[in-house]
Amino acid sequence: MKQPHALIIEDNTKNAQILKLLLTEQGISSTQVTNPRNLDATLATLGQVDVVLLDLEMPGLNGYQVFEYLKADPRFQNVPIVACTVHLSEMHTVFQQGFHGFIGKPLDPDKFPDQLARILNGQPVWETA
């Protein structure tokens, strides 16, 4: 079976590194985009993506704008896009916009493996911690 691959879109380098580490511990490779304005260049060279972990608050393009951009790309029609944010009050808005899930920051390293497994199995995850 091919190793799953995650796309991390997160402007905070430390948070992106934490996500990468948590994914690596679960045997999942990842690509990081720390500036959403560089997304086109990354997507041009990116292969299969099995999950997108998307921050909401970023300079230039916010997570909602990036979400709409990705959903317009046929390659992401069946890829779960999960909001990962400290803004827990955004959960309802994220749900209304059509995201596949929501994981509140700070991420819980004990819960993350189960959350990720459920997401990769097609189950929505809506958790604040």
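Per-structure values
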{"read-out": "Single unsatisfied condition, residue 70 versus (1) free of Cβ contacts under 8 Å to residues at least 12 places away in the same chain; (2) surrounded by 15 or more Cβ atoms within 10 Å (Cβ to Cβ); (3) aliphatic (A, V, I, L, M)", "value": "(1)"}
{"read-out": "Residue count, the range 89-103 (criterion: farther than 14 Å from residue 63 by Cα and either surrounded by 13 or more Cβ atoms within 10 Å (Cβ to Cβ) or modelled with pLDDT under 95 (or both))", "value": "1"}
{"read-out": "Hey, residue 79 assigned to a strand (DSSP E or B), within 21 Å of residue 27 (Cα to Cα), aliphatic (A, V, I, L, M) and in contact (Cβ under 8 Å) with a residue 12 or more places away in the chain or not", "value": "no"}
{"read-out": "The range 43-57 - residue that is in a strand (DSSP E or B) and without any contact (Cβ under 8 Å) to a residue 60 or more places away in the chain and, of those, farthest from residue 116 (Cα to Cα)", "value": "54"}
{"read-out": "Residue identified as outside any helix (DSSP H, G or I) and of a type in the set (Phe, Trp, Tyr) among 95, 99", "value": "99"}
{"read-out": "Unmet requirement for residue 40, which otherwise passes all of (1) touching a residue at least 60 places away in the same chain (Cβ under 8 Å); (2) out of contact with any strand residue (DSSP E or B) (no Cβ under 6 Å at 6 or more places or on another chain); (3) not basic (Lys, Arg)", "value": "(1)"}
{"read-out": "For residue 6: the one exception among (1) of a type in the set (Gly, Ala, Ser); (2) assigned to a loop (DSSP other than H, G, I, E, B); (3) crowded, with 17+ Cβ neighbours inside 10 Å", "value": "(2)"}
{"read-out": "Inter-residue pairs, beta-carbon under 9 Å, first in contact (Cβ under 8 Å) with a residue 60 or more places away in the chain and of a type in the set (D, E, K, R) and in the range 6-20, second surrounded by fewer than 19 Cβ atoms within 10 Å (Cβ to Cβ) and assigned to a strand (DSSP E or B), 6+ apart", "value": "10/32"}
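The values are calculated or read from the model by the stated rules, or taken from the named source; none is laboratory data. Please read all numbers here as calculations on a predicted model, not as lab measurements. Every residue, glycine as well, gets a Cβ built from its backbone with ideal geometry; the counts of neighbours run over all protein chains shown.
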